Amino acid sequence: MKKLEAIIQPHKLEEVKEALKGIGVDGMTIAEVRGHGRQKGHKEIYRGMEYQVDLLPKIKLELVIPDARLDEVLTVLTNSARTGKIGDGKIFVFDVLDAIRIRNGDRGESAL
Amino acid sequence: MPRLFLSWLFILAVVSLPVSLAAQTNPDVEKRLVALDAATKAAQSAGDNAWMLVSSALVLMMTGPGLALFYGGLVRRKNVLGTMMHSFVLMALVTVLWAIFGYSLAFGEGNAFFGDLRYLFLEGVGSAPNAVYAATIPQQTFMIYQLMFAIITPALISGAFAERMRFSAMLLFSSLWLVVVYLPMAHMVWGKGGLLNGPLGGAIPCFDFAGGTVVHITSGVSALVCALYLGKREGYPREPMRPHNLVLSAIGACLLWVGWFGFNAGSALNSSGLATSAFVATHFGAAAATLGWLAGEWIHNGKPSMLGGISGCVAGLVAITPASGFVKPFPALLIGLLAGLFCFFMVTWVKGKFRYDDSLDAFGVHGAGGTLGAILTGVFATKEINDVLSGKGLGLVDGNAIQIWNQTLGVLIAAGLGAAGTYLILKICDKLPGGVRVSKDEEIQGLDLSMHGEEGYNFEA
């Protein structure tokens, strides 16, 4: 099993969700986060006080998939989240030791 | 000959008939005239009283929720309730002090500086008018209207000590400030025999229609003294201290704009054409100042902001306050425009240059805007709008250039009293256990938790 942690642009969330649903990936967890990579932040001015805002709002999307589907999911995820501009985000891939469905105790890929 | 005599008699009778008739019905007509007179007065009193009660409510609305929202949105989220509390608690505290002695010390006749104790516990303040101040409304209406001004004035200062003043110290400070600064100033400017009361024969005749000196200069200068005495907020200006919710501030500012019609047009103390004139001037001042500030921002920063717009409207409302009952609509636009630009310059350039932490710009908006408005009142006040000196010219436009000097003296007295009084009171408040400023830990935790044991936003609840 692999866990994907994708940091994406907030306005791309719906598109990514639809695309994943299209290839039968339904389960995911998302969180509103702030961060930045190479993307520069922006300047905000409040009554003459200037603030450099470099931690920008992003969506962190987590999903766990069977090993066999990795390439397919990565392609769909990358294509649907891409705008082609700096700030589109990153995807990190992790190995997952096990998965347990709390309701009935299913283990491994059958718990996904 | 008898014929001549008879016709004489006839003419005499005809001529005297109405006279004798009138003589018979005279008491009746007189009674009806008296009744008509009373009915006219009652109708005028009813109209005036209705407007003044509405105005009183409008001015209270400026403090809560107006100012509470305006200031509450500008602070960080951990201080939102503590900041709103500063405005809100004064609605209660000042009311009690006003009922016991405040009204009497401000509006009892007294001497040039202080009222006397004739209205202690509101003794004798009932539905009969006090003709010296407002002949057509119950004195109780005048009393409650003036109370709303006494509430908002110390609340304005809280913008300077936001996010770092101990709540107990704030209560003592506001109570003492009311006695030492506000009540004498209100008496000097509006009280009978007051030193600066232009319309009622003061030694230094100032024109302050709705409280430019009494409310805005005193509170603005006191705010600066508070900001300097308390020092900067922990981390200022290194850490970002962005307003946590400008939506609240925008709603608050719009409530201030609307409430200000009660503040200024209500200061006519009746519902006459003068009230309309002040209403128009107030609105025009706010509108032009909004555009002035936005233009300054647009040119200087490249973008006009919502915060800039609402700051500009408040600056304009402040500046037009002393002038509102004395100036024509176009000078009102000009006063507003200048106030918008001047206050923008004060809070961006001057504050940045001297690096004091007037957290919510109480001085930059109220002190600076109030001063500009008071002096421009000396320029544009005209007897065509408000003939308070029975035909004599009021401001520079009436050929009375000396009035600009009188207004300047009024500003200096208000600023001097505000600064000295505030410093003295802060020294006293510092003797309280814990002092006037919260501890560093309490400040980092935020006043909502450390002073009040609650939080403004419990999203998980």
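Efficiency by 1/(1 + (r/R0)^6): what FRET value for B:Glu455 and B:Val179, r their Cβ-Cβ distance, R0 = 41 Å, to the nearest 0.05? Can you show the working numbers first?
Details: r = 34 Å, r/R0 = 0.83.
Result of the calculation: an efficiency of 0.75.
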For chain B, the longest principal axis of the Cα atoms and the Cα long axis of helix B:139-161 enclose an angle in degrees, to the nearest 10, of 20 degrees
Summing +1 per Lys or Arg and -1 per Asp or Glu among the other residues with Cβ less than 10 Å from A:Glu62's Cβ gives +1
Taking a crude spin-label model, label points 7 Å out from Cα along the C-beta direction, the B:Ala38 to B:Ser439 distance in nm is 6.9 nm
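To the nearest 0.05, how large is the calculated FRET efficiency for B:Ile100 and B:Leu412 if R₀ is 25 Å and r is the Cβ-Cβ distance?
Values: r = 31 Å, r/R0 = 1.25.
E between B:Ile100 and B:Leu412, to the nearest 0.05, is 0.20.
Could you tally the net charge around B:His244, taking each other residue with its Cβ under 12 Å from the Cβ of B:His244, Lys/Arg +1 and Asp/Glu -1?
Net charge around B:His244: +2.
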Measuring from its Cα centre, the protein assembly as shown shows a charge dipole (+1 at each Lys and Arg Cβ, -1 at each Asp and Glu Cβ) which, in debye to the nearest 20, is 700 debye
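If you place +1 on the Cβ of every Lys and Arg and -1 on the Cβ of every Asp and Glu, how big does the dipole about the Cα centre of chain B come out, in debye to the nearest 20? Intermediate values should be presented prior to the final figure.
Details: 26 positive and 26 negative charges, 103 e Å.
Here chain B has a charge dipole of around 500 debye.
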FRET efficiency for A:Ile86 and A:Lys17 from the Cβ-Cβ distance with R0 = 35 Å, rounded to 0.05, comes out at 0.90
Checking segment B:348-423 for trypsin sites (Lys or Arg not before Pro) in a loop per DSSP with at most 13 other beta-carbon atoms within 10 Å yields B:Arg355, B:Lys392
Residue by residue through segment B:412-425, the couplings from Karplus 6.51 cos²θ - 1.76 cosθ + 1.60 with θ = phi - 60°, in Hz, x for Gly and Pro, are 5, 5, 4, 5, x, 4, x, 5, 5, x, 5, 4, 4, 5
With the dipole of segment B:36-452 defined by +1 on each Lys or Arg Cβ and -1 on each Asp or Glu Cβ, the option from B:Leu147, B:Gly159, B:Leu255 whose Cα lies farthest towards the positive pole is B:Gly159
The helix B:368-380 Cα axis meets the longest alpha-carbon principal axis of chain B at an angle in degrees, between 0 and 90 and rounded to 10, of 30 degrees
Low-density loop GluC sites (Glu not before Pro), segment B:95-203, at most 11 other Cβ within 10 Å, DSSP non-H/G/I/E/B, are B:Glu123
Going residue by residue through segment B:210-215, the Karplus relation 6.51 cos²θ - 1.76 cosθ + 1.60 with θ = phi - 60° gives ³J(HN,Hα) values, rounded to whole Hz and with x marking Gly or Pro, of 10, x, x, 7, 4, 9
Note to self: C-alpha centroids of segment B:423-461 and segment B:102-155 sit apart, in Å, by 34 Å
Between the Cα axis of helix B:246-264 and the main Cα principal axis of chain B, the angle (0 to 90°, nearest 10) is 30 degrees
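Order by neighbour count: B:Met241, A:Met28, fewest other Cβ atoms within 10 Å first, most last. Don't jump to the answer; show the numbers that get you there.
On the way: B:Met241 21, A:Met28 16.
The order, fewest Cβ neighbours first, is A:Met28, B:Met241.
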Counting Lys and Arg as +1 and Asp and Glu as -1 over every other residue whose Cβ sits under 13 Å from the Cβ of A:Ala31, the net charge comes to 0
Of all DSSP beta bridges having both residues in the protein assembly as shown, the percent classed as antiparallel (nearest 5) is 95 percent
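How would you classify segment B:240-305 from its alpha-carbon gyration tensor, with a ≥ b ≥ c the square roots of the eigenvalues: rounded for a/c under 1.5, else prolate if a/b is greater than b/c, otherwise oblate? Can you show the working numbers first?
Values: a/c = 4.65, a/b = 1.88, b/c = 2.48.
Judged from the Cα gyration tensor, segment B:240-305 comes out oblate (a/c at least 1.5, b/c at or above a/b).
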Expressed in nanometres to one decimal, the distance between label points 7 Å along Cα→Cβ at B:Lys328 and B:Leu200 is 3.1 nm
Gyration tensor on Cα atoms of segment A:2-111, a ≥ b ≥ c root eigenvalues, a/c under 1.5 rounded, else prolate if a/b beats b/c, else oblate, says prolate
Between B:Lys303 and B:Leu120, the two model label points (7 Å from Cα along the beta-carbon direction) sit apart by a distance in nm of 6.0 nm
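Can you show me the helix-derived [θ] at 222 nm for the protein assembly as shown, built from DSSP H runs with n ≥ 4 at -39,500 (n - 2.57) apiece and divided by the number of residues, rounded to the nearest 500.
Values: 19 runs with 304 residues, N = 573.
Taken over the protein assembly as shown, the calculation gives -17500 deg cm²/dmol.
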Among chymotrypsin sites (Phe, Trp or Tyr not before Pro) in segment B:413-461, those in a DSSP loop whose Cβ has at most 12 other Cβ atoms within 10 Å are B:Phe459
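Every number in this text was worked out from the coordinates using simple rules, so none of it is lab data. The model shown is predicted, which means the values in this text are computed figures rather than measured ones. Backbone-built Cβ (ideal geometry, glycine too); neighbour counts: all protein chains shown.
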